[in-house]
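Below is one structure, written out as structure tokens; comments come after it.
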Ligand SMILES: NC(=O)c1ccc[n+]([C@@H]2O[C@H](COP(=O)([O-])OP(=O)(O)OC[C@H]3O[C@@H](n4cnc5c(N)ncnc54)[C@H](O)[C@@H]3O)[C@@H](O)[C@H]2O)c1
């Protein structure tokens, strides 16, 4: 165990698998008390079972404002305060505009709205949201317009909340991952797009959830104390090309 988040309490949405799971596990390893929140209860319980620090499972559909506020309230009720919030839950969404925007953009908005206020009321904290490299650029695939719009929106929300809550001690940043090996990108791998994804990456490969979690840890911890309103690209150099 390490101690970069010792004494802090963290809420991670969509923590049942993939990037959210890796973040929850890394935060716990670094000493945080972690709320493992997901719409999939079985997956959340499985992740919590891997955690040795005090943890809590929370059921939350981030497209519902009451669920997101409830998760924040439950974190504070259980651990006394909310130091770190990771708005991670997201879907590829395909052509379902309303569902994609509902989870990927509205869900992050609800987290920022209620999370920033709760942190400000208790002296501050750090919020990290999962955008995407598709929050900065587009790719020549059909069916990703809602995803691209939602992730660009997360970058804008990050700047808005960073600007409005900085004086109250709340830092707000987002991460823009490239292609990461999770269930979300498995259909692309199955569709033989691995060469395309690797060829356009400067590092020549996909990333791992743990490589995203390492950046989330930096942004969540006090080591990033002068970082706010930022978009951290974790894409193996895709957007640099
Ligand atoms: N995998 C990638 O290549 C990649 C790239 C860029 C950005 N991202 C973003 O990172 C985040 C995590 O992606 P991932 O690849 O780990 O996805 P994933 O599909 O592996 O996991 C997503 C998790 O979110 C949960 N979830 C889905 N809808 C939810 C809802 N309405 N409320 C609460 N939880 C919900 C799922 O149950 C699951 O546990 C997403 O916001 C995604 O858009 C992923």
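Overview of results
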{"item": "The stretch 183-241: relative contact order as a whole-number percent, Cα under 8 Å and 6+ apart", "result": "43 percent"}
{"item": "Footprinting exposure proxy for 52, 30, 65 (fewest neighbouring C-beta atoms within 10 Å first)", "result": "52, 65, 30"}
{"item": "Mean Cβ neighbour count within 10 Å, used as a protection proxy, ranking 99-107, 178-186, 1-9 highest first", "result": "99-107, 178-186, 1-9"}
{"item": "Mean separation of Cα contacts under 8 Å, 6 or more apart, over the residue count of the stretch 1-89: relative contact order %", "result": "34 percent"}
{"item": "Estimated distance in nm for a label pair at residue 208 and residue 3, the labels positioned 7 Å out from Cα along Cα-to-Cβ", "result": "2.7 nm"}
{"item": "Three-way shape label, the stretch 169-241, alpha-carbon gyration tensor, a/c 1.5", "result": "prolate"}
{"item": "Cα-based radius of gyration of the stretch 1-72 once divided by 2.2 N^0.38 Å, which approximates compact folds", "result": "1.01"}
{"item": "Choice from 134, 217, 193 with maximal GNM fluctuation in the chain (Cα, 10 Å cutoff)", "result": "193"}
{"item": "Most mobile of 138, 126, 63 in a GNM of the chain (Cα contacts under 10 Å)", "result": "138"}
{"item": "Values of log10 I(q)/I(0), in the order q = 0.09 Å⁻¹, for the stretch 105-241 under a Debye, Cα-only, solvent-free model", "result": "-0.29"}
{"item": "Range of Cα positions in the chain per principal axis (Å), largest first", "result": "47, 37, 33"}
{"item": "Angstrom value of the Kirkwood radius, inverse mean 1/r, which spans all Cα pairs in the stretch 87-137", "result": "12.0 Å"}
{"item": "Highest average packing first - 71-81, 166-176, Cβ atoms within 10 Å", "result": "166-176, 71-81"}
{"item": "Cα pair count fraction exceeding 19 Å, expressed as % - the stretch 55-164", "result": "44 percent"}
{"item": "C-alpha center-to-center spacing [the stretch 8-74, the stretch 191-217] in angstrom", "result": "24 Å"}
{"item": "Largest-first principal axis extents, alpha carbons of the stretch 149-200, Å", "result": "48, 20, 19"}
{"item": "Rel. contact order, % - alpha carbon contacts under 8 angstrom, at least six apart, the chain", "result": "18 percent"}
{"item": "Pairs of alpha carbons in the stretch 1-126 whose separation is greater than 17 Å (percent)", "result": "52 percent"}
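Taken together, the values in this text are just the output of simple stated rules run on the coordinates, not laboratory data. Remember, predicted model here, so these are calculated numbers, not experimental data. Note that we place each Cβ from the backbone using ideal geometry, even for glycine, and neighbour counts take in every protein chain shown.
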